[in-house]
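The values are calculated or read from the model by the stated rules, or taken from the named source; none is laboratory data. Please read all numbers here as calculations on a predicted model, not as lab measurements. Cβ coordinates were reconstructed from backbone atoms using ideal geometry, including for glycine residues, and neighbour counts include every protein chain displayed. Heavy atoms of the whole protein, side chains included, go into the accessibility calculation; ligands, DNA and RNA do not. Shrake-Rupley method; radii C 1.70, N 1.55, O 1.52, S 1.80 Å.
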Amino acid sequence: MNVLMLMLQMTYEAPERWYLALLGFAEHFRTSSPPKIRLCVHCLQAVFQFKPPQRIEARTHLQLGSVLYHHTKNSELARSHLEKAWFISQQVPQFEDVKFEAASILSELFCQQNLVDSAKPLLRKAIQISQQTPYWHCRLLFQLAQLHTLEKDLVSACDLLGVGAEYARVVGSEYTRALFLLSKGMLLLMERKLGEVHPLLTLCGTIVENWQGNPIQKESLRVFFLVLQVTHYLDAGQVKSVKPCLKQLQQCIQTISTLHDDEILPSNPADLFHWLPKEHMCVLVYLVTVMHSMQAGYLEKAQKYTDKALMQLEKLKMLDCSPILSTFQVILLEHIIMCRLVTGHKATALQEISQVCQLCQQSPRLFTNHAAQLHTLLGLYCISVNCMDNAEAQFTTALRLTTHQELWTYIVTNLASVYIREGNRHQELYSLLERINPDHNFPVSSHCLRAAAFYIRGLLSFFQGRYNEAKRFLRETLKMSNAEDLNRLTACSLVLLGHIFYVLGNHRVRLNDRCYNNQLWSSALLKDLNKALGNTMDAHEAAQMHQNFSQQLLVCPWTDGPPPVQIQAQNGPTTSLASLL
């Protein structure tokens, strides 16, 4: 009450002083540690007691709406203030910042309340009347494109990004034009429209190289461009071909880390954008490096970069609640879980699967986007502990949840390996194999997945005793895996070929691998091979090696749930496709 009396006294002294004083108090309370949001809101609400002019009234409604939206759960009151700010500001000339910020935050709030049909027309109207304000026009175009992307309407999103690119060109912002085009390229990659992606990325490369501006902005464009190139190669399973681009990307992020952020604002307001903060880009480069290492079979390197990335993420999440950080963390964990399964650390893999579940439960969108991957990981875990019925259930659920063609193919390939192991699911197995036939009409363009499909065919032929046919499929696998340095797939194919040569009486074979499942299998084969050749000492050494690997895979500490399933070590191939891809 005393504060209000002081404000009333100030009203008679100078019309602006009361407003500035209340704003000062509100900002002081908002930035306190911890923030005193209730007091901040009281100060802003006090502004209306003075019957302020429209400009101050609209701005205060915007400030109240923003504070309530970002710091409280009172979304209805936030919405009321933001709608008033949007309505009043349209009646005030030359009031673009308040008008378009109100539209932007209000549309975010609508999306949070699942009122997307209210957000779209609001953004469209704001875009329509913002063409003379380059910064806001570009920002609102990005926002509406993002909304369409979240709804899986990639065609509409691409159209908007194309409009933005042309607008940026007209207002002389090659930097923001590149951002629009790279964002469009990212969506075209998601849609698998490769015919449109290649010319677009070529154009982007030219724009990025020719643009002369802020060094950090230029390097961030290069990172965006190279990330798209690297993920495109990895999506196609081209582990060897991607290496030059990946090396450039790693050099680029090192360059960015040495640059200092200059607070000099660009002369063109349309250039006031950043793709990602520098620290987020570093984590992203770690992530694509982990993806490459896993596909190439560099497991130690994958673990090393995962550890670095997760450590960086933990630091960032203490200060930044950006949803993209949780997405990065989930994808990193998904890859390291596969790494753990390949190297025999099953208990750790299970703990990390639980961690992914907890992260996904914090965000409905994250859970929706990664539910299929979670079930796939559980299926791979079940294979590793020889629970084939559970593996089948998990893979079947994952297939029902995914619309991603590459993931679907990966799951089907692993499910086929389960049916092969079970030995009595011929009808289901042949039905699956027809859908992932590597010789014709393979469902995806991934080099890696097609090579794995040949391996699965070879595995089936091996179990059926059709050794010559198995050799043909495995040689195709070797040819493809050698072409792109798919080391895990190469190792599995060589071990299986070695087993075939042993069965056929060709004992001149050498086996060497670092995957625990393959080592178990290889040591069993070496034991039998040396016994057949009469090398008693070598056979004994191989038997000891086999025993050691068996123990490493069997000793699996169980911290929760039912007791562990007893794993039966076999002389045949027991590895899942996680060890291949």
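Report the gain in length on full extension from R55 to L20: 0.36 nm times residue separation, minus Cα-Cα distance, nm rounded to one decimal. Don't skip to the end; give the middle numbers.
Numbers: separation 35, 0.36 × 35 = 12.60 nm, distance 1.38 nm.
Roughly 11.2 nm would be gained on extension.
Under 17 Å from the Cα of K184, which lysines turn up, not counting those fewer than eight places away in the same chain?
K152, K193
Taking all protein chains together and a probe of 1.4 Å, list S363, S493 from the most accessible to the least accessible. Before the final figure, lay out the partial values.
Values: S363 40, S493 0 Å².
The residues order as S363, S493, largest area first.
As an exercise, use a Förster radius of 60 Å and the Cβ-Cβ distance of N437 and T31 to find the FRET efficiency, rounded to the nearest 0.05. Display every interim value, and only then the final one.
On the way: r = 63 Å, r/R0 = 1.05.
Efficiency at R0 = 60 Å is approximately 0.45.
DSSP loop (so not H, G, I, E, B), at most 16 other Cβ within 10 Å: list which trypsin sites (Lys or Arg not before Pro) in the range 178-217 pass both filters.
Details: sites: K184, R192, K193; in loops: R192, K193.
Those satisfying the criteria are R192, K193.
Cut-off under 18 Å on the C-alpha distance; same-chain residues fewer than 8 positions from K301 excluded. Which lysines are left, in chain and number order?
The reachable lysines, counting only those whose Cα sits under 18 Å from K301, are K240, K243, K247.
In sequence order, what are the phi-derived ³J(HN,Hα) couplings for the range 121-128 according to the Karplus relation 6.51 cos²θ - 1.76 cosθ + 1.60 with θ = phi - 60°, rounded to whole Hz, with x for glycine and proline?
x, 4, 5, 4, 5, 4, 5, 4
How much FRET efficiency would the formula 1/(1 + (r/R0)^6) give for L150 and A483, where r is the Cβ-Cβ distance and R0 is 41 Å, rounded to 0.05? Could you put the intermediate results ahead of the total?
Details: r = 38 Å, r/R0 = 0.92.
Approximately 0.60, to the nearest 0.05.
If one computes the Cα centroid of the range 334-351 and of the range 377-442, what distance in Å separates the two points?
Taking the Cα centre of the range 377-442 as reference, the centre of the range 334-351 is 19 Å away.
Loop-only trypsin sites (Lys or Arg not before Pro) in the range 212-280, please: DSSP not H, G, I, E or B, and at most 16 other Cβ atoms within 10 Å. If you can, show how the numbers build up before the last one.
Working: sites: K218, R222, K240, K247, K278; in loops: K240.
Within the range 212-280, the qualifying trypsin sites (Lys or Arg not before Pro) (loop, at most 16 other Cβ atoms within 10 Å) are K240.
In what order, largest first, do F110, F225 sit by accessible area if the probe radius is 1.4 Å? Can you show the working numbers first?
Working: F110 15, F225 35 Å².
Result, largest first: F225, F110.
Near R450, within a Cβ-to-Cβ distance under 10 Å, what is the net charge of the other residues, with Lys and Arg +1 and Asp and Glu -1?
On the way: positive: none; negative: D439, E476.
Net charge around R450: -2.
With every protein chain in place, what's the accessible area of F87 (1.4 Å probe, Å², nearest 10)?
130
Heads up, I need the accessible area for W275: 1.4 angstrom probe, whole protein in place, Å², nearest 10.
Probe radius 1.4 Å; accessible area of W275 about 60 Å².
In nm, give the distance between the simple-model label positions of L203 and L259, each being 7 Å from the Cα along the Cα-to-Cβ direction.
2.4
If I model a spin label as a point 7 Å beyond the Cα along the Cα-Cβ vector, how far apart are those points for Q362 and H71 in nm?
2.3
For a Förster distance of 30 Å, can you work out the FRET efficiency between the beta-carbons of Q251 and C321, rounded to the nearest 0.05?
Values: r = 31 Å, r/R0 = 1.03.
Working from the Cβ atoms, E equals 0.45.
Quote the accessible area belonging to R450 in square angstrom, nearest 10, computed with a 1.4 Å probe and with ligands, DNA and RNA left uncounted.
Rounded to the nearest 10, that gives 80 Å².
Give the aspartates and glutamates whose C-alpha is closer than 12 Å to that of K120, dropping any in the same chain fewer than 8 places away, or say none.
Within the straight-line cut-off, K120 pairs with E108, E151.
I need the trypsin sites (Lys or Arg not before Pro) found in the range 123-174, filtered to DSSP loop residues with at most 15 other beta carbons within 10 Å of theirs. If you can, show how the numbers build up before the last one.
On the way: sites: R124, K125, R139, K152, R169; in loops: K152.
Taking the range 123-174 and a limit of 15 other Cβ atoms within 10 Å, the loop trypsin sites (Lys or Arg not before Pro) found are K152.
Largest first, what is the accessible-area ranking of Y175, Y430 with a 1.4 Å probe?
Details: Y175 0, Y430 105 Å².
Largest to smallest exposure gives the sequence Y430, Y175.
Could you give the length gained by full extension between H426 and N114, i.e. 0.36 nm per residue of separation minus their alpha carbon distance, to one decimal place? Can you show the working numbers first?
On the way: separation 312, 0.36 × 312 = 112.32 nm, distance 4.59 nm.
Stretched fully, the H426-N114 segment lengthens by 107.7 nm.
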